[in-house]
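The block underneath contains the structure these notes are about, expressed in structure tokens.
The values are calculated or read from the model by the stated rules, or taken from the named source; none is laboratory data. Because the structure is predicted, anything quoted here is derived from the model rather than measured. Every residue, glycine as well, gets a Cβ built from its backbone with ideal geometry; the counts of neighbours run over all protein chains shown. SASA here: full protein model, heavy atoms, side chains in, ligands and nucleic acids out. Shrake-Rupley method; radii C 1.70, N 1.55, O 1.52, S 1.80 Å.
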Amino acid sequence: MNYLSLEDIAKTYGEKTLFRHVTFGLEKGQRTGLIARNGRGKSTLMQIIVGKVLPDSGTVTLRKDIQVGYLSQNPEIDPSQSLIDYLLASDNETTRLLHRYEELVDAMARQNTPALQKEWEETVSEMDRLQAWNYEDRVKEVLFRLQLPHLQQSMGTLSGGQQKKAALAKVLLADADLLLLDEPTNHLDIAMIEWLEEFLNRQNTSLLLITHDRAFLDAVCHDIVEIDGEQTYFYKGDYAYFLEKKAERESIALAEWEKAKNLYRRELEWMRRMPSARGTKARARKDAFEDLKAKVSLRPKQEEVTLSLQSERLGNKIMEVNHVSMGFDGHTLIKDFSYTFKRGEKIGIVGPNGSGKSTFLNLLTGRIKPEDGHIVLGQTLQIGYYEQGGLWAPGDKRVIDIIKETAEVVKTDKGQEMSASQFLQYFQFDPTTQYNYFSLLSGGEKRRLYLLKTLMAHPNFLILDEPTNDLDVFTLMLLENFLQHYEGCVLMVSHDRHFMDHLVDHLFVFEGEGRIKDFYGTYSEYKKWRAATDRQAAIEAGAEKTAAAKVVSNVGTKNVGSDVNPANGVPPKKKPSYKQLKEKEALENEIKTLETRKQELETALCAPENYKPEEITAFSEEIGRLQTALDTAEMRWLELSEACDF
């Protein structure tokens, strides 16, 4: 069943063409990631789909009987509206039923009539059909997971990040058949992103997604649409598959261009010898030459070269943090933290929103002073600080002039010089865009420009606060490549797990109440370690609870001393009964069967091109059910193992 079709969509603003010939569609259950470079119109295309912007040409067809939920990068809000009224303002069947149900209950409390009773019964029946009774639980889950404040708080008093999270919550609660999400992970910490992945995967919803978060893209999407120049390319697979096939396509295009270039040289010689084309064949050959000339002028992009800039010399002493503590309004964010930074290390910072990550960066850069302790800076230290707030510049200033304010040229680590224009081109600012006004840049282009200014100052200690926000995946690959070859220290806050895994040596984990754990490894390794630690703690807590319950149950019996180990006061395990033995054996078989089936489905998801979109959706949903069954079976197996001496 087709939900969305785009046919030959084009959009131009002034002299800048965003895209042409965009053609693709979405079927029921299909989940597609939309990829393009910053400033190439991804958000504009979303606005065209929902009717907020008109295309220059082409047609958009949305199925009429479906509900569409749209998350914009800049959601529209009424500052005077309360958060709860904003969330429940969605015009969908569930919220309309809930509002009508409440109205009927109030009316029947005043005067119960047969007509009201009949409408109430019909409403209850419809709520049963739509499972609307669970809506309140869904609201509570979404609000809790996104850490939104009191429901009666006005929208105008929320921060920009909270408003974006409120807009995301509203879309998630709207019971939409098709979700259009524009950078939904911005302003979310890693725990929130991982919850959002799980939430979307258990919904039977079609999805068109714009995101720079490659791990999130892989977790929720089955295929990818790329808009590149005037062409649209479709990839039925994950991000790694997209990279592989894109490289193959570009390699073929380059080979064809080389072939056309060689033919062009031969034809150019003919044109010089035969300037006039009197015969039909000669005129046709001349026309073909003009087509060939146009083709040769459009040289395909080659793989980007590695770039590493020269940075200021870094001495033996870089930065020492000695017993630093900091808090606000009685809330401790950092407690007695010490660390000595070493040359060349790359450190990631993770933790929930509000746990003190940005405060920590402001302490290191001297923006604020610690309550206790002190920070010692090396004499040769030169910090480059990329802040979340972004770059401010006059709207009527051109891109090239903004960059030249920092430096006319930059030096590479090999002693070569690059002009400001060449450096801009490396980070995907073509010559035309370099002379655009700052006010005409997209959000992602402004962030990319700020990043360039930070790097061009030749710092030897980079501090990056959410550098991946609003950057396209192509810029992220360039930034990863740049930082991998960067010889100075790097300290970064990021919720992009893929980005962190490819760069950092170890993590500062903000655990709450001022505790900062130094974990040596990537985020994926930390997540596995944390899960294993939590499981072990749960097992130990369960064992202690079981042991305590047995001790209490034995109080007052004649043989209490014989049932308790004198050394630790814990009763010994009982011999298992025949029934328990059979149950444990059945659980082991069940766990093995569930794990085998889950592995089969995960293998299938690694090759999505072999299946239909609805089959992929069914596989994802079944994996969720299997995981729930596995958790239940494993917990029961542990209970039996702890209670009896197997």
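Please work out which one of (1) touching a residue at least 60 places away in the same chain (Cβ under 8 Å); (2) hydrophobic (A, V, I, L, M, F, W, C); (3) outside any strand (DSSP E or B) is the condition residue 53 fails and give its number.
(1)
Quick one: how many residues across region 20-49 are farther than 26 Å from residue 205 by Cβ and either acidic (Asp, Glu) or open to solvent by less than 20 Å² (accessible area, probe 1.4 Å) (or both)?
Of the residues in region 20-49, 2 are farther than 26 Å from residue 205 by Cβ and either acidic (Asp, Glu) or open to solvent by less than 20 Å² (accessible area, probe 1.4 Å) (or both).
Considering region 121-144 alone, what residues qualify as being of a type in the set (Gly, Ala, Ser) and surrounded by 18 or more Cβ atoms within 10 Å (Cβ to Cβ)? Give the steps one after another, and end with the answer.
Start the filter on region 121-144 by keeping residues that are of a type in the set (Gly, Ala, Ser), which leaves 125, 132.
Of everything in region 121-144, just one residue is of a type in the set (Gly, Ala, Ser) and surrounded by 18 or more Cβ atoms within 10 Å (Cβ to Cβ), namely 132.
Could you list all residues from region 433-484 that are within 15 Å of residue 393 (Cβ to Cβ), in a helix (DSSP H, G or I) and either hydroxyl-bearing (Ser, Thr, Tyr) or in contact with an Asp or Glu (Cβ under 7 Å, 6 or more places away or on another chain) (or both)?
To start, the set of residues in region 433-484 that are within 15 Å of residue 393 (Cβ to Cβ) comprises 433-443, 445-454, 456.
Retained after the next criterion (residues that are in a helix (DSSP H, G or I)): 433-434, 438-440, 443, 445-454, 456.
Selection gives 433, 439, 443, 447, 450, 454.
Matching residues to (1) touching a His at 6+ places or on another chain (Cβ under 6 Å); (2) in a loop (DSSP other than H, G, I, E, B); (3) closer than 30 Å to residue 618 by Cα:
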{"position": "3", "(1), (2), (3)": "no, no, yes"}
{"position": "8", "(1), (2), (3)": "yes, no, no"}
{"position": "11", "(1), (2), (3)": "no, no, no"}
{"position": "17", "(1), (2), (3)": "no, no, no"}
{"position": "21", "(1), (2), (3)": "no, no, no"}
{"position": "26", "(1), (2), (3)": "no, no, yes"}
{"position": "29", "(1), (2), (3)": "no, yes, yes"}
{"position": "34", "(1), (2), (3)": "no, no, yes"}
{"position": "43", "(1), (2), (3)": "no, no, yes"}
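Counting only residues that are open to solvent by less than 60 Å² (accessible area, probe 1.4 Å), modelled with pLDDT of 80 or more and touching an Asp or Glu at 6+ places or on another chain (Cβ under 7 Å), which one in region 69-120 is nearest to residue 42 (Cα to Cα)?
Selected residue: 72.
Determine, yes or no, whether residue 470 is open to solvent by 10 Å² or more (accessible area, probe 1.4 Å) and either in contact with a strand residue (DSSP E or B) (Cβ under 7 Å, 6 or more places away or on another chain) or at pLDDT 90 or above (or both). First the steps, then the outcome.
Details: open to solvent by 10 Å² or more (accessible area, probe 1.4 Å): yes; either in contact with a strand residue (DSSP E or B) (Cβ under 7 Å, 6 or more places away or on another chain) or at pLDDT 90 or above (or both): no.
So residue 470 fails the test.
Pick from region 352-379 the residues that are at positive phi and under 33 Å from the mean Cα position of the chain (by Cα): which of them is surrounded by the fewest Cβ atoms within 10 Å (Cβ to Cβ)?
If we filter region 352-379 for residues that are at positive phi, which is where we start, we get 354, 356, 366, 373.
From what is left, the residues that are under 33 Å from the mean Cα position of the chain (by Cα) are 354, 356, 366.
On the way: 354: 14, 356: 25, 366: 11.
Per the stated criteria, the residue is 366.
When residue 204 is evaluated against the numbered criteria (1) assigned to a helix (DSSP H, G or I); (2) modelled with pLDDT under 85; (3) over 22 Å from residue 494 (Cα atoms), which criterion, by number, is the only one it fails?
(1)
Which one of these does residue 334 not meet: (1) modelled with pLDDT of 90 or more; (2) farther than 23 Å from residue 461 by Cα?
(2)
Would region 378-398 turn up any residue that is aromatic (Phe, Trp, Tyr), part of a loop (DSSP other than H, G, I, E, B) and under 30 Å from residue 442 (Cβ atoms)?
So in region 378-398, the residues aromatic (Phe, Trp, Tyr) come out as 385-386, 392.
From the residues that got through so far, the ones that are part of a loop (DSSP other than H, G, I, E, B) too are 392.
Restricting the remaining residues to those that are under 30 Å from residue 442 (Cβ atoms) gives 392.
Within region 378-398, one or more residues are aromatic (Phe, Trp, Tyr), part of a loop (DSSP other than H, G, I, E, B) and under 30 Å from residue 442 (Cβ atoms).
Can you tell me which residues in region 158-173 are touching a residue at least 12 places away in the same chain (Cβ under 8 Å), assigned to a loop (DSSP other than H, G, I, E, B) and surrounded by fewer than 20 Cβ atoms within 10 Å (Cβ to Cβ)?
158
Can you name the residue in region 145-157 that is open to solvent by 50 Å² or more (accessible area, probe 1.4 Å) and not in a loop (DSSP other than H, G, I, E, B) and, of all such residues, is nearest to residue 27 (Cα to Cα)?
Within region 145-157, the match that is nearest to residue 27 (Cα to Cα) is 145.
Listed here are the residues, each with its yes/no results for (1) over 30 Å from residue 343 (Cβ atoms); (2) modelled with pLDDT under 80.
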site	(1), (2)
248	yes, no
254	yes, yes
265	yes, yes
269	yes, yes
274	yes, yes
283	yes, yes
286	yes, yes
315	no, yes
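Out of region 210-240, which residues are free of Cβ contacts under 8 Å to residues at least 60 places away in the same chain, closer than 26 Å to residue 191 by Cα and hydroxyl-bearing (Ser, Thr, Tyr)?
The answer is none; no residue qualifies.
Of the numbered conditions (1) open to solvent by 60 Å² or more (accessible area, probe 1.4 Å); (2) under 30 Å from the mean Cα position of the chain (by Cα), residue 382 fails exactly one; give the number of that condition.
The failed condition is (2).
Under 6 Å by Cβ, and 6 or more places apart or on different chains, what pairs join a residue from region 389-412 that is open to solvent by 70 Å² or more (accessible area, probe 1.4 Å) with one that is at pLDDT below 90 and in a helix (DSSP H, G or I)?
Listed by first residue and then by second, the contacts come to 404/420; 408/420.
Mind checking which pairs have a first residue in region 632-644 that is part of a helix (DSSP H, G or I) and a second that is among the basic types (Lys, Arg) and modelled with pLDDT of 75 or more, Cβ under 7 Å, 6 or more apart or different chains?
Matching pairs, first to second residue: 637/584; 640/584.
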